Amino acid sequence: MLAFHGKIAISQHPREPFLPPPLPFRYPWTMRRIITLDPDVKFMCTLPFSWTMTEKLRSKLLFEELVLLSDICLSIYEVIFTGLQGTLLLVGDDNIIFSSLMGIGKWGDLKFLNSMETTLSLYYISFPSTARRRSIKRVHRETSGDERGEDALGGAPAKECAEASGGRVYTVVVVEREDDLGVRVVVGKHRHAWIVGKISENDVVSLIGKVFVKYFMNGGKKVGELAKGIGEFVPVGADGSVVLSFSLLNADPSDWVYDWKFKEMSNIMLTPFVKALTPIANISIESQVLYHTPKLSQSYWDEKSSSHIFSIRDLPFFVNSNEWHLDTSIIAAGRSKVLQFVVYAPSASECPLLLQLPNGEISMTNSFISPMWGGVIIWNPPHCAGDSHNTLPPQVRLSPIELQKIFQVFLAQLRMLFGLKSNYIDSSETGISKFLDSESGFTEWELDVLYRHHACFNLHSCVTTLESLAKLVQSLPRMIIMDEIGKQVKFSLEAANLAQRNASLGIYDSSASSSRQAKVLAEDAFFHPSIMSISYSSIEHYFAIYMPFFAPVALHVLLAAIKELKRYKRERAKYLAFISEKAKMD
Amino acid sequence: MAALCRRFTGFHFLLVLVSLSISSLVFGDWIGDDEGEQFTEELLLKPLPDRKVLAHFHFQSTAHPSPDSGHHHHLFPKAIAQLIWNRAPCDAVGHFMVQKFQIRDLELSFTQGRWNYENWGGSDPISSTNAKPPGVELWATFNVPVVEIDTTWKNLTHALSGLFCSSINFLESSTSYTTPSFVFGLNVSNIRYGALPREAVCTENLTPWLKLLPCRDKAGLATLLDRPSIYKGYYHSQKLRLTSTKLSGIILEQTLTIVLQPNIQRNSAHSLLDGAIQPSWSISSMFKRNLTGSCVLARTSRILVELEKNIVSKLEELGHGGSWSNSLLDLSPNPFRVIKEVNPFPEESNSILFEYVNSKEYEPLDVGIKWKLPFVWSSPHAPFHASRFLMGSGTERGSIAISLQSTKSDEYFRSKSNECRMQAVVFQVVPWYVKVYYHTLQIFIDQKLQNLSDVIEKIRVTPSEDKKLPGTLELVLGYPCTVQSVALTLDFDKGFLHIHEYPPDANQGFDIPSALVTFPNLHSSRIYIGDDSSVHSPLLLKFQEKNVVLSYTEVLLVPFTTPDFSMPYNVITFTCTVLALYFGSLLNVLRRRIGEEERLMRSKDANKRGLIPSIVSKITSKLRGMPGSKPLLIFAVVLSVLFHYIVN
């Protein structure tokens, strides 16, 4: 500093006699020019560095793999259904050769699935295993009774076939036999169906096709129906758990108060159901009894049926969200899903209360579901004439028989909420004579359909979640992303790949559970608390902070640079002129 | 069906019984009984000396221990049971295998207003259990391993704040809760205590609280809770108390204590005395609602009217012992039963409770008192009145003082003054930014400074840790009963907070939660004449418990230095300006060739000059005779400062 002051002092000596300075006969490239241009150059050079210094910590997300996965998931249905393996077992008296020939000849037609390569293998009766022969004979003997045939098929042959192919095999047994009942088609509760009776080869093929495509593949729904409303029938929370909350609502306890022994009945009827759905979701069951819970909309009195009628049209106004305080579960915190099942005991003034279908008929079950919310059953007390002069209302516990009926409706509602049909009575026109029921409420092939459906939905939502996370991350380049999120994304992708591998091998339950895991991890990554509280500093903020320094500095630097450049040009011109003059002179 | 019919016949039989004698409070086969769930509702009304009325609602739900706790409930609120029971992982079938309760005791109170210990009583059961500090107070004892307590507490605060629509989750951070060791009578480490003095309490907290009752406010005593009338009161405290043991299951007590000012009902006969006479009141006049019928799910539903012993002694002087209709006051309608307190001192008079059974009737039960003569009495006081205040001025330091003033009310202590020794426990939690110097503790008894070791029987101090722990002081004082006043002072410094730590509206100041003063050798238990049916009343059972007499002090408001919150930007701009100026001048000094410029100027001289340089030169020549860069520099400084000022 002092030195500079000194310089200034020397140059500013005005009183000294003026000496003409020497002419600039040097090339005009001096120290001052370097000083002036130095900050400009340095600023330009360090700009990229300083920019990267303001960048935030970002974990590396596996975008490439995500893209790969999403590519695969475009054909997700096909991927999942290639695993479908079928077996056709022909049981005949002597003309087996004919049947098998017929079968081989017609398999080409069964390839209606286009891209879906359904592998169907044909087993001959002449297989060396004596056990098989014995069991097939048993089948032959016992297919007259459906249940016993089921047992016979559930045993040795199906298992052996399954072991032979490594996955789960769907079996259709054709038993060629004269029968009084004509042709019978029975879909069993495991993974098989059988056709009994004399039947032409064309019919056999079309029947088998029906059974495979309509039931084993699509669970009784039309092809593509499941794919369309993909999210609608997956009432599972983002953390892979479902709380089934059962509530008994007493609309007006001053008329009567009903109570139930829920636990006992739930152990009998709901436990197998919950067990069957374990790969899809963590299910927990709760129950409560609530009081003073009137419905929202009014019903009208119908003289003909001497009951109060509530038409389907008004159903959206049945659930009274002001008074029905159903949502009091702490277990269902966060992102889990609660399915509400409500038994509504109407008050004496609106008893009996019946639901009317749009075609004017009265609902058989007196109940309805609301997809993704749950179901409501209206249960009318047996003696509707409430004695309003009582000082004390009757307090009754529902009898086990009544409760069992209610639970049957619950199970049907649950099946519908999970996207299956409540029963197959309506589908009898397809030529299927009988469906066998299972204790858990789901047959094995239905469960397979459910698992496939859930695996597919989970993978789909996993991919969309990760994609939107990727989009978010890419759109906010200044956002902090923790390593943990990167890890979660990685694990999620791994689980998704595992789910796909399992699905292609036909192990649907583990495919469903690992796809669930993939979804949960993806959701965890998306809803990570560090993302929720984005520490996002806008460009305006930077501008406001750096402007007060850089604007005045830049002004000085640029002015100086312009002046110096001007001077340089001028001096250079002078110098060049001097050089040329000198050359002339020389 | 057979069982159903039997049930019906049994019920009709009971009906006959009930109509024969309304006194039969046992209503037979009640819902939830065999599941071990019960619900009772009670209301206590009590005239207060300062022309106000205390209404104390007491709802109690019990759930006997069962493996279904938290999953299947009939009367007991499911959410509360889920709070108490540990959420153990499910097994494959979805049933919770290990059932273990994690909270042994819990008390949560929401209070608006301050309990007036002088006028409303300080040593009766209501004041010792239901007088609460303003805002939210939460304490809980846990039944989990010590390492898990803090996590359980955090989960609990979040669950409660979700349940009650309040900001209890602010108690989650370790700066806001503490672990008292002996204040709550238990020498345990599994207790956590936290308070939010500034929490506002209103209907959004009451509605979820009412949701926990099986009848909500649709039937029973809770129908009286007309929001405008109860929030107009002088004191409003809603409390939730949970106790769970392996033997008795979970007991949930929900109490609502309100102090209301009844409207003065003009009485033509005594119009001259209206100013002096106590206002007459009834349930319908106070709550603006009529009480018709009970909650059908309640096992008992009753209303109690209490007359304090000072009123009773006056009545006895006038010659009407326990009558409800006399020359002083008229209680209407006639009570169903009179319950008298038994006092250990036979020479004194006792309080009286008049009981009304709230059964399903068609005419409303409108309990009320009509005063006939002017009458003044006082409520039973605690032996010492506790208050707390701040001393000192400025925003740098100050001191906290807690004073205990003798109320000179208790003859009992006066009588055996010589050997009597009083104990008082002081519990005070101070946020970390109020840096208390505990070594400055001074205790004055009757204005005389005492040697600490003479007065303090036990002391436990947890010093505060910056941004981690609040400071906690627990102190047992022992002094003779004859003492008139006890005062404690503690000095403190006001800390500096990071800019992010200031709450919104920081200029209002910071609250220090109420200190708690308890008198461990005084109990507020009451004994009632042994009547079997009174045992059925959970409220009276509560009154018979041995509760320590306690009082909460005021909340302190400490003003803090609050920074100008735009300061960082100001600092940035000013520093940058200075740096930019320095840089600019330095650059100029290095770059400019003064001699050359002068020569240029001289050669050009007057003929070729731009507008700005000419103005500048004029100004500079006017300012100072000498040319050069100094005035230019000054001018640039002024200009740039002006520029920055405008920009900012």
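The values are calculated or read from the model by the stated rules, or taken from the named source; none is laboratory data. Please read these numbers as outputs of a predicted model, since none were measured by experiment. Cβ coordinates were reconstructed from backbone atoms using ideal geometry, including for glycine residues, and neighbour counts include every protein chain displayed. What goes into the accessible areas is simple: the full protein's heavy atoms, side chains included, and nothing from ligands, DNA or RNA. Shrake-Rupley method; radii C 1.70, N 1.55, O 1.52, S 1.80 Å.
Restricting B:PRO520, B:PRO470 to residues that are under 26 Å from the mean Cα position of the chain (by Cα) and open to solvent by less than 30 Å² (accessible area, probe 1.4 Å) narrows the list to B:PRO470. The combined condition, being surrounded by 22 or more Cβ atoms within 10 Å (Cβ to Cβ) and under 30 Å from A:ALA522 (Cβ atoms), is fulfilled by A:GLY375. Out of all the residues in region B:132-147, is one or more surrounded by fewer than 18 Cβ atoms within 10 Å (Cβ to Cβ) and either touching a strand residue (DSSP E or B) at 6+ places or on another chain (Cβ under 6 Å) or in a helix (DSSP H, G or I) (or both)? Checking region B:132-147: at least one residue is surrounded by fewer than 18 Cβ atoms within 10 Å (Cβ to Cβ) and either touching a strand residue (DSSP E or B) at 6+ places or on another chain (Cβ under 6 Å) or in a helix (DSSP H, G or I) (or both).
Just one of the listed residues (A:GLU439, A:GLU444) is open to solvent by 70 Å² or more (accessible area, probe 1.4 Å) and at pLDDT below 80, namely A:GLU439. Anything in region B:150-167 that is buried (at least 21 other Cβ atoms within 10 Å of the Cβ) and away from chain A (no Cβ under 14 Å)? List them, or say none. Once the filter is applied, which keeps residues that are buried (at least 21 other Cβ atoms within 10 Å of the Cβ) and away from chain A (no Cβ under 14 Å), region B:150-167 yields B:TRP153, B:SER166.
Checking each residue in region A:285-309 for being of a type outside the set (Ser, Thr, Tyr) and more than 30 Å from A:ILE330 (Cα to Cα) picks out A:GLN298, A:TRP301, A:ASP302, A:GLU303, A:LYS304, A:HIS308, A:ILE309. The residue of region B:568-585 that is nearest to the chain's Cα centre (by Cα), among those that are aliphatic (A, V, I, L, M) and facing chain A (nearest Cβ under 9 Å), is B:ILE572. Open to solvent by 50 Å² or more (accessible area, probe 1.4 Å), modelled with pLDDT of 85 or more and within 14 Å of chain B (Cβ to nearest Cβ) - does that describe any residue in region A:290-301? Yes, there is a match, as at least one residue in region A:290-301 is open to solvent by 50 Å² or more (accessible area, probe 1.4 Å), modelled with pLDDT of 85 or more and within 14 Å of chain B (Cβ to nearest Cβ). Among residues of region A:302-340 being of a type in the set (A, V, I, L, M) and within 26 Å of B:THR223 (Cα to Cα), the one that is nearest to the other protein chains (Cβ to nearest Cβ) is A:LEU326.
Filtering region A:556-580 to residues that are β-branched (Val, Ile, Thr) and touching a residue at least 40 places away in the same chain (Cβ under 8 Å) leaves only A:VAL557.
Every condition in (1) touching a strand residue (DSSP E or B) at 6+ places or on another chain (Cβ under 6 Å); (2) modelled with pLDDT of 80 or more; (3) of a type in the set (Ser, Thr, Tyr) holds for A:SER433 except the one numbered (2). Before we move on, is A:ALA495 under 18 Å from the mean Cα position of the chain (by Cα) and touching a residue at least 60 places away in the same chain (Cβ under 8 Å)? When the stated conditions are applied, A:ALA495 does not pass them. Collect the residues in region A:474-495 that are of a type in the set (S, T, N, Q), at pLDDT below 85 and open to solvent by less than 20 Å² (accessible area, probe 1.4 Å), keeping them in residue-number order. Once the filter is applied, which keeps residues that are of a type in the set (S, T, N, Q), at pLDDT below 85 and open to solvent by less than 20 Å² (accessible area, probe 1.4 Å), region A:474-495 yields nothing. Taking the stated definitions as given, is A:ALA518 within 26 Å of A:TRP51 (Cβ to Cβ), touching a residue at least 60 places away in the same chain (Cβ under 8 Å) and hydrophobic (A, V, I, L, M, F, W, C)? Considered against the rule, which asks whether it is within 26 Å of A:TRP51 (Cβ to Cβ), touching a residue at least 60 places away in the same chain (Cβ under 8 Å) and hydrophobic (A, V, I, L, M, F, W, C), A:ALA518 comes out as no. For region B:198-236, the candidate set comprises residues that are open to solvent by 10 Å² or more (accessible area, probe 1.4 Å) and among the aromatic types (Phe, Trp, Tyr); within that set, the residue that is farthest from the other protein chains (Cβ to nearest Cβ) is B:TYR234.
Regarding B:SER301, is this residue at pLDDT below 85 and either open to solvent by less than 60 Å² (accessible area, probe 1.4 Å) or within 14 Å of chain A (Cβ to nearest Cβ) (or both)?
No, not satisfied.
One residue stands out in region A:257-278 among those that are within 7 Å of another protein chain (Cβ to nearest Cβ) and open to solvent by less than 10 Å² (accessible area, probe 1.4 Å): the one that is farthest from the chain's Cα centre (by Cα), namely A:VAL257.
So which residues in region A:252-292 are among the charged types (D, E, K, R) and part of a helix (DSSP H, G or I), if there are any at all?
Correct list: A:LYS263, A:GLU264, A:LYS275.
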